[in-house]
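*Asks:* The structure that follows is given in the form of structure tokens.
The values are calculated or read from the model by the stated rules, or taken from the named source; none is laboratory data. Because the structure is predicted, anything quoted here is derived from the model rather than measured. As a convention, Cβ positions derive from the backbone with ideal geometry for all residues, glycine included, and neighbour counts pool all protein chains shown. All accessible areas refer to the heavy atoms of the entire protein, side chains included, with ligands and DNA or RNA removed. Shrake-Rupley method; radii C 1.70, N 1.55, O 1.52, S 1.80 Å.
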Amino acid sequence: AGLATVSEQHMDLLLQLAQDRQQAVREEALRCLRTAKCSAPQLHLIESLLVQYPESADLIQAVIEPASISAGRPPVTDTKAWLAALDAIKGPADSENGRRIFNHGRVAQCAHCHRHSGRGNVVGPDLSRVGQRNDRVWLLQSILEPSQQMAPEFMPRTIVLKDGRAFTGIRLRSYTHETIRDTHGQNRTFHRDEIESIAESPISLMPAETVNILTNREIRDL
């Protein structure tokens with residue numbers, strides 16, 4: 001998982017790890033390879049793993065044909081159909097796999113904006129206790145349609161300066177100075193005299209297409 005952001009520099013190692021007998025090791029390597037540019041021989045090697053490791057077929061297929069991830073899925077507005085699809089996955093959910101997906105540097109990237117158990121960033125809400133709500137429907141809806149139920153304090157705003165530069169983030173303070181926290185978790189402060197305009201947005205900073213880069217099993221585990 002730590003190699004995800006530099007995957008193309010370690011292709012030989014990742015291809016070796018993708019053949020590992022341990023499912024967690026094998027699938028983390030496949031997750032890294034999903035975002036890398038693989039050659040035809042490398043893709044052929046990955047495809048050959050389908051026979052040996054059918055339990056990893058969804059992640060293998062995601063490397064070979066990324067478009068297969070979202071093929072045949074219900075619309076994001078049909079939460080009931082999504083729950084049925086996730087419940088139809090064989091085997092129990094794997095929360096440790098979900099933790100790795102949450103913190104993954106290239107695939108889900110949840111930790112770029114959220115924090116869980118002290119790890120991650122603070123752009124969006126801290127999700128350390130989100131499981132205590134015990135509401136799978138609400139949690140799935142939040143992933144499928146992130147702008148549908150957005151708390152006012154996390155509504156993005158775009159500040160355009162008089163020199164033409166624009167910055168978007170979550171409002172922290174507003175008076176003689178405007179302070180926002182950007183998508184990298186950095187606080188930025190601007191004096192009112194520098195600002196040309198400020199616009200609130202009803203669109204969450206959380207990407208709406210997150211589900212399109214995760215397999216159904218990954219969404220289930222997350």
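*Asks:* At a probe radius of 1.4 Å, what is the per-residue accessible area of residue 12, in Å² to the nearest 10?
*Replies:* For residue 12, solvent-accessible area is about 120 Å².
*Asks:* When a/c is below 1.5 the answer is rounded, else prolate if a/b is larger than b/c, else oblate, so apply that to the range 1-62 with a ≥ b ≥ c taken from the square roots of the Cα gyration tensor eigenvalues.
*Replies:* Because a/c hits 1.5 or more and a/b fails to exceed b/c, the range 1-62 counts as oblate.
*Asks:* So with the 1.4 Å probe, I'd like the accessible area per residue for the chain, rounded to whole Å². Walk me through the numbers before you get to the answer.
*Replies:* Values: 12620 Å² over 222 residues.
Heavy-atom SASA per residue in the chain reads 57 Å².
*Asks:* Can you tally the net charge around residue 24? Count Lys and Arg as +1, Asp and Glu as -1, for every other residue whose Cβ sits under 10 Å from the Cβ of residue 24.
*Replies:* On the way: positive: 26, 100; negative: 20, 27, 28, 94, 96.
That works out to -3.
*Asks:* Would you be so kind as to identify all helices of the chain, as entire DSSP H runs, whose Cα atoms reach 18 Å or more along the helix's own axis and whose mean Kyte-Doolittle hydropathy is at least 0.0?
*Replies:* Working: long enough: 40-52 (19 Å, 0.74).
Result, helices passing both filters: 40-52.
*Asks:* Top to bottom by accessible area (1.4 Å), largest first, where do 197, 56, 204, 117 land? Spell out each step's value before the answer.
*Replies:* On the way: 197 50, 56 0, 204 25, 117 95 Å².
If we order 197, 56, 204, 117 from most to least accessible, we get 117, 197, 204, 56.
*Asks:* Let me ask something else. Under the classification rounded if a/c is under 1.5, otherwise prolate if a/b is larger than b/c and oblate if not, where does the range 47-91 fall, given a ≥ b ≥ c as square roots of the Cα gyration tensor eigenvalues?
*Replies:* Oblate.
*Asks:* Further question on the same structure: Taking the Cα centre of the range 20-156 as the origin, how large is its charge dipole in debye, to the nearest 20, when only Lys and Arg (+1) and Asp and Glu (-1) carry charge on their Cβ atoms?
*Replies:* Details: 16 positive and 15 negative charges, 54 e Å.
In debye, rounded to 20, the range 20-156 gives about 260.
*Asks:* Mind listing the phi-derived Karplus ³J(HN,Hα) values for the range 209-219, rounded to whole Hz, using 6.51, -1.76 and 1.60 with θ = phi - 60°, and x for any glycine or proline?
*Replies:* Calculated HN-Hα couplings, in order: 8, 3, 5, 6, 10, 10, 6, 4, 5, 5, 4 Hz.
*Asks:* Here is a further query. Please sort 165-176, 138-149 by packing, taking for each peptide the average over its residues of neighbouring beta carbons within 10 angstrom, highest first.
*Replies:* So the order, starting with the most tightly packed, is 138-149, 165-176.
*Asks:* Report ³J(HN,Hα) in whole Hz for each residue of the range 169-175, in order, from the Karplus equation J = 6.51 cos²θ - 1.76 cosθ + 1.60 where θ = phi - 60°; Gly and Pro get x.
*Replies:* x, 8, 5, 10, 9, 8, 6
*Asks:* Right, another one. Please list, in order, the residues from the range 145-170 whose amide nitrogen is less than 19 Å from a point placed 7 Å along the Cα→Cβ vector of residue 186.
*Replies:* The answer is 157-170.
*Asks:* Non-local amide H neighbours of residue 147 (under 5 Å, H modeled in plane, Pro and chain starts lacking H): which ones?
*Replies:* For residue 147, the qualifying residues are 204.
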